[in-house]
Amino acid sequence: MFLLMSGLSAYLRIFLVLALAPAVILMVYVYRLDPLDKEPVNLLWSLILSGVCAGLIAGVLEGVGMQALGLFSGLDPRSAQFTIASDFLVVGVVEEGAKYWLMSRKTWDSPSFNCRFDGVVYAVFTSLGFAGMENIMYGLNYGTGVFLTRALMAIPAHMGFAVLFGIFYGEAKYLSAQGRRGWSAACVVVGYALSVFLHGLYDSAAMVSSSASDSLFFLAVVVIYVVNFVVARQAAKHDKRFAY
């Protein structure tokens, strides 16, 4: 990364470091948690780029989704009800769906996907690629002052959504390797639904200003940190190779 930035101006280098460092630190954290076979670097880079592409795809689909929700829901786009509905039914569904659709295309049939915790690694690298690009866009639009808050909240949140999905994604592959395809598909659906729910809860609680939403936001942040630093470590501790 530093070689790529060597030809940039000092300000731009500092900007990129501030924008990307939180995502990179969390990627390294998850990579080092992987207790069995480490994933190939070229695959991880491709997942980071998939996350960036997911961000571009989501930007288009969210615009369409917002228009459709406004047209068919009958809700006032300025109301708290519309904000909550859009965060769960548009933002959460689209962003998590775009990330994991692109991730699965690169990983499901990969020979490197041979352990349950690999699902967490793949989901986190994809999601943090998305979050890194999103952080750059926020910095360009609102200035570097947003980076500290996002480093403590938004970037770990994207990782939390990914850890939830990744645990079920790894279990789905494990079940598929045993020929239990129905249970495998169910794991994917449950993991996706949980990541969408946590994403929608985090976003809507952050966007709606009330004492109840402030409490929900605090709860969502606590859950995210527990998922990232307790649940993820336990998943790594109980990792298993697949038996084909």
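Backbone phi angles across region 135-148, fed through the Karplus curve with coefficients 6.51, -1.76 and 1.60 (θ = phi - 60°), yield HN-Hα couplings of 5, 4, 5, 5, x, 5, 7, 10, x, 5, x, 7, 5, 5 Hz in residue order; Gly and Pro are listed as x. Taking amide H as placed 1.01 Å from N in the peptide plane, C115 has its amide H under 5 Å from the amide H of F242, each at least 5 places away in sequence or on another chain. For region 6-114, the list of trypsin sites (Lys or Arg not before Pro) that fall in a loop by DSSP and count at most 11 other C-beta atoms within 10 angstrom reads R78.
Taking the Cβ of each residue in D76, D118, D34 as the centre, tally the other Cβ atoms inside 10 Å and list the residues starting with the fewest. Each step should come with its number before you reach the end.
Numbers: D76 10, D118 27, D34 16.
Going from least to most buried by this count: D76, D34, D118.
Averaging 1/r over every pair of different alpha carbons in region 1-104 and inverting the result gives a Kirkwood radius of 16.6 Å.
In terms of surrounding Cβ atoms within a 10 Å radius of their Cβ, D87, D109, D239 rank from fewest to most as D109, D239, D87. In a Debye calculation with equal point scatterers on the alpha-carbon sites of the chain and no solvent, what is log10 I(q)/I(0) at q = 0.07, 0.10, 0.12 Å⁻¹? Log-scaled intensity ratios, in q order: -0.23, -0.48, -0.69.
Can you tally the lysine pairs in the chain where the Cα-Cα distance is under 19 Å and the two residues are eight or more apart, or on different chains?
Lysine pairs meeting the criterion: 8.
Each Lys and Arg contributes +1 and each Asp and Glu -1, all at the Cβ; summed about the Cα centre of region 10-237, the dipole is approximately 520 debye.
Karplus-based coupling profile of region 112-121, in residue order and whole Hz: 6, 7, 10, 9, 4, 5, 4, x, 5, 4, with θ = phi - 60° in 6.51 cos²θ - 1.76 cosθ + 1.60 and x standing for Gly or Pro. Listing H238, H158, H199 from fewest to most neighbouring C-beta atoms within 10 Å gives H238, H199, H158. A Gaussian network model of the chain, with springs between Cα atoms under 10 Å, assigns the largest mean-square fluctuation among F15, F161, F113 to F15. All other residues whose Cβ lies under 14 angstrom from that of V93 are scored, Lys and Arg at +1 and Asp and Glu at -1, for a net of -4.
We did not get these values from a lab; they are worked out from the coordinates using the rules stated. If you're wondering where the values come from, they're calculated on a predicted model, not measured in any experiment. Positions of Cβ are backbone-derived with ideal geometry, glycine not excepted, and every protein chain shown enters the neighbour counts.
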